[in-house]
Amino acid sequence: MLEKVLRDPVHGYIRVENEIIYQLINTAEFQRLRRIKQLGTSSFVFHGAEHSRFSHCLGVYHIAKTITDYFTEHGFIFWNPEENLVTQCAALLHDVGHGAYSHTFEGLFGTDHEAITREIILSELTEVGRILRQVSPDFPAQVASVISHDYPNPQVTALISSQIDADRMDYLLRDAYFTGAVYGNFDIMRILQFITPTEHGIAFRENGMHAVEDYLVSRYQMYQQVYFHPASRAVVVALKLLLKRAKDLFPENRAYFEATSPHLVPFFENASTLSDYLQLDDGVMAAYFQAWGASSDAILAELAQNVVNRHLLKSVKLADTTTDILSATHALIPNASYFSDVQNSFDLPYDDYNPETERTPIEILTADGKLTELSTLSPLVRALTGEKFGDSRFYFPKEMLQNTDFMTRMRDFT
Ligand code: ZN
């Protein structure tokens, strides 16, 4: 039997015992994830956060494997061990379509990392697709349907994509570890000890409830303290403005972009293929930004240097009362459409039975065999239920702090 043991700083040892999983890890598409940072812009703020999508995907696989092995060993009636491989493959591949600075890139070029993930899995041209087809001709479609949430078995879908799934459990622990944040930690061993398959998905036995509570509080804190950090969002804004300038310049400066940033050309032309997408990673983009820093277009050069040298925009929090005065303030900034922006970051830490969000609530299996929604048992979770947390910020150049008119207006924001 195959047994490869990978050392992981978060989970200790990750065991690969299935030939298909091992081959998937060794594909070009999966190895590409080593070259994409898990947290993208957050590494500009938390300098330890250099970890990759590769390590996160292995971590999600490990959690899914731990759970499916546990379900199999205990012979739960609502778990079919034949689902183990599809669950583990979906866990491993769930982010294989992520690209460099995915969310910013998607907003400007209309790509969709979830759709690309499915394309990589289903394609006859990818190494991933070829390996999955070794299991059975329809196996790639089964794995893809877990990721698009329409796999028929609700237990499998819940493990990969729900309010407490293998993906979230790994990224919270991993991002906390690499950023150095202490509040992202929770007792995953205890959660995995009390997880149980039910007729309609998964639940947690009562003794694991406080660990689940702690997971939700950790999630809330990681969003507020790490993911929504104002300086890391300043990098998101800087990247967006830089790529927007490049895209706007492209039609009149085609030869320049073909020379300095050839792999972005199909995206500027809105005619990219999967193989174009797979050429891009953080390193390729970083080299392009360096080249643009020497551009004869002063705006492109300045925006590129701002990203490369981490010269960040300043920001102020917007409120309902200040949104009205925003356009007048905006007008004071030179080339404002390339040097200022509004950035919104909101998150719903947990939702119960809300038909609008269609989220499946977390359920606790009590000693009498009944399933009860978590927030009805936990006052702590009740405080986080159904409420969005976050803010909307207006970003502007630091030099504006020297502008008297601008600063007079700024007083109304604070
Ligand atoms: Zn993920």
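The values are calculated or read from the model by the stated rules, or taken from the named source; none is laboratory data. Here the structure is a predicted model, which is why all the values come from computation and not from measurement. Note that we place each Cβ from the backbone using ideal geometry, even for glycine, and neighbour counts take in every protein chain shown. Only protein heavy atoms, including side chains, enter the accessible area calculation; ligands, DNA and RNA are left aside. Shrake-Rupley method; radii C 1.70, N 1.55, O 1.52, S 1.80 Å.
Take region 1-34 and flag every residue that is under 23 Å from ALA176 (Cα atoms), assigned to a loop (DSSP other than H, G, I, E, B) and aliphatic (A, V, I, L, M).
Answer for region 1-34, where residues must be under 23 Å from ALA176 (Cα atoms), assigned to a loop (DSSP other than H, G, I, E, B) and aliphatic (A, V, I, L, M): just VAL10.
Tell me, which residue of region 166-189 that is open to solvent by 10 Å² or more (accessible area, probe 1.4 Å) and of a type in the set (Asp, Glu) is farthest from the ligand (Cβ to nearest atom)?
ASP187
So, of the residues in region 271-307 that are assigned to a loop (DSSP other than H, G, I, E, B) and touching a residue at least 60 places away in the same chain (Cβ under 8 Å), which turns out to be farthest from HIS98 (Cα to Cα)?
SER272
For region 310-364, which positions are on the phi > 0 side of the Ramachandran plot and modelled with pLDDT under 90?
GLU358 - this is the single residue of region 310-364 that is on the phi > 0 side of the Ramachandran plot and modelled with pLDDT under 90.
Looking only at residues that are among the β-branched types (Val, Ile, Thr) and open to solvent by less than 20 Å² (accessible area, probe 1.4 Å) in region 75-92, which one is nearest to ALA141 (Cα to Cα)?
Across region 75-92, the extreme among qualifying residues is VAL86.
Which helices (runs of 4 or more DSSP H) does region 216-270 wholly contain that include 1 or more residues that are in the same structural domain as ASP297 (by TED's automatic domain parsing) and open to solvent by 40 Å² or more (accessible area, probe 1.4 Å)?
230-249, 254-260
Can you run down the residue pairs with Cβ atoms below 7 Å, 6 or more apart or on separate chains, where the first is in region 172-188 and outside any loop (DSSP other than H, G, I, E, B) and the partner is among the basic types (Lys, Arg)?
If the second residue must be among the basic types (Lys, Arg), the pairs left are LEU172/ARG219.
Return the total of residues in region 1-47 being open to solvent by 60 Å² or more (accessible area, probe 1.4 Å) and of a type in the set (Phe, Trp, Tyr).
2
When you go through (1) open to solvent by 20 Å² or more (accessible area, probe 1.4 Å); (2) of a type in the set (A, V, I, L, M, F, W, C); (3) under 24 Å from ILE14 (Cα atoms) one by one for LEU122, which number turns out not to apply?
(3)
Going by what's in this entry, would GLY99 be described as touching a residue at least 12 places away in the same chain (Cβ under 8 Å) and surrounded by fewer than 17 Cβ atoms within 10 Å (Cβ to Cβ)?
In short, no.
Condition first: within 17 Å of LEU384 (Cα to Cα) and open to solvent by 30 Å² or more (accessible area, probe 1.4 Å). Can you find one or more residues in region 313-324 that meet it?
Scanning region 313-324 turns up no residue that is within 17 Å of LEU384 (Cα to Cα) and open to solvent by 30 Å² or more (accessible area, probe 1.4 Å).
Search region 192-215 for residues being within 20 Å of TYR61 (Cβ to Cβ) and among the β-branched types (Val, Ile, Thr), and hand back the single one that is surrounded by the most Cβ atoms within 10 Å (Cβ to Cβ).
ILE202
Which condition number does PRO154 fail, the rest of (1) at pLDDT below 95; (2) within 16 Å of the ligand (Cβ to nearest atom) being met?
Status for PRO154: all satisfied but (2).
Looking only at region 141-156, how many residues end up being open to solvent by 20 Å² or more (accessible area, probe 1.4 Å) and closer than 24 Å to MET209 by Cα?
Qualifying residue count, region 141-156: 1.
Restricting region 45-76 to residues that are free of Cβ contacts under 8 Å to residues at least 40 places away in the same chain and not in a helix (DSSP H, G or I), which is farthest from the ligand (Cβ to nearest atom)?
Among those residues, the one meeting the criterion is GLY75.
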